[in-house]
Amino acid sequence: MKKLYYMLDFSAFQCFFQIRVNDVEIFSFNVEGQTSIDIPINQGILESGECTVEVKVFPLQGKTELHEKAYAKYKVTVFDLSSGDFVFVEQFEEQRTPPAQKAIPFTQVSSLFYAEVLYKIDAWQNGINLKDVNFNLKEKLLQEYQKILNRIAEKQYSEIEELYRKKEENTATVMYLNEEEKKERMSKLFNDFSSGFEPVPLSKDSFVEYSAYGKRVCLKNLDGLSALRLENKETEEDLVLDIAFYIPKGKTEFEVI
């Protein structure tokens with residue numbers, strides 16, 4: 001059986017872009033200039049079936065209008081990892097955002113493709129619709145984010161590893177990682193925590209972003225990136241930790257996904 005691995009052959013110019021697969025953010029970035037990058041997207045594919053890719057292009061951070069030449073373009077490229085190497089299988093038609101217009105604050109493009117994968121993971125598809133909850137969603141999310149920051153500050157790495165367990169198991173499955181590669185992911189994260197990085201207080205301006213058709217949520221700052229951040233004051237480096245939550249059907253508490 002083929003281990004099919006899906007990637008975006010992606011380029012963007014003078015914009016802040018966000019890429020979603022099946023309504024789940026895969027990557028976002030502020031591009032002052034031009035970038036070309038290959039972006040894995042299996043983490044947005046829960047099982048075989050029709051998949052949606054959506055790319056939105058916004059003004060550069062600090063700007064209110066799109067650059068006149070801002071754009072993003074991509075091709076979905078498929079590889080087979082069965083042999084241990086990336087073996088090209090096929091590439092779908094290129095998609096490109098429409099030309100920027102001053103009267104329009106952003107531009108976007110989307111496309112469909114059929115994915116064939118060996119796995120079916122248990123993830124947000126089995127969560128409740130968080131747009132229908134009867135509690136203060138942001139307040140509860142802030143509490144969850146603060147718990148994680150506290151555990152990082154107190155070096156409670158075993159608790160963090162347990163929080164991330166399901167997320168990491170799913171990531172390993174969709175990316176076809178072996179046991180050693182799985183361990184390396186968490187080890188790298190804990191090494192970063194122990195290398196002079198300290199938690200940054202949560203921003204009062206953070207906002208809730210919904211994804212996965214309302215079943216997945218996260219907090220973001222006004223720059224469009226995750227509200228969960230660390231900083232190294234000596235090196236003046238920032239570490240942004242992407243994280244999202246859902247509530248499984250039949251449960252009442254958030255889980256990292």
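The values are calculated or read from the model by the stated rules, or taken from the named source; none is laboratory data. Just so it is clear, the structure is predicted and the values come from calculations on it, not from any experiment. Glycine also receives a Cβ, built like all others from the backbone with ideal geometry; neighbour counts cover every protein chain displayed. For accessibility, only protein heavy atoms count, side chains too; no ligands or nucleic acids. Shrake-Rupley method; radii C 1.70, N 1.55, O 1.52, S 1.80 Å.
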- Query: Looking at Leu46, Leu60, which one is buried (at least 20 other Cβ atoms within 10 Å of the Cβ), assigned by the TED database to the domain that holds Ala100 and hydrophobic (A, V, I, L, M, F, W, C)?
  - Reply: Leu46
- All but one of (1) out of contact with any helix residue (DSSP H, G or I) (no Cβ under 6 Å at 6 or more places or on another chain); (2) open to solvent by 50 Å² or more (accessible area, probe 1.4 Å); (3) not in a strand (DSSP E or B) hold for Glu144; which doesn't? (2)
- Query: Considering only the stretch 97-115, how many residues are loosely packed, with under 14 Cβ neighbours inside 10 Å and either among the charged types (D, E, K, R) or within 22 Å of Met1 (Cβ to Cβ) (or both)?
  - Reply: 2
- For the stretch 158-189, which residues satisfy the criterion of being surrounded by fewer than 16 Cβ atoms within 10 Å (Cβ to Cβ), closer than 26 Å to Thr235 by Cβ and not basic (Lys, Arg)? Glu161, Glu184, Met186, Ser187
- Residues (among the basic types (Lys, Arg) and modelled with pLDDT of 95 or more) located in the stretch 196-230: Lys215, Arg216, Lys220, Arg229
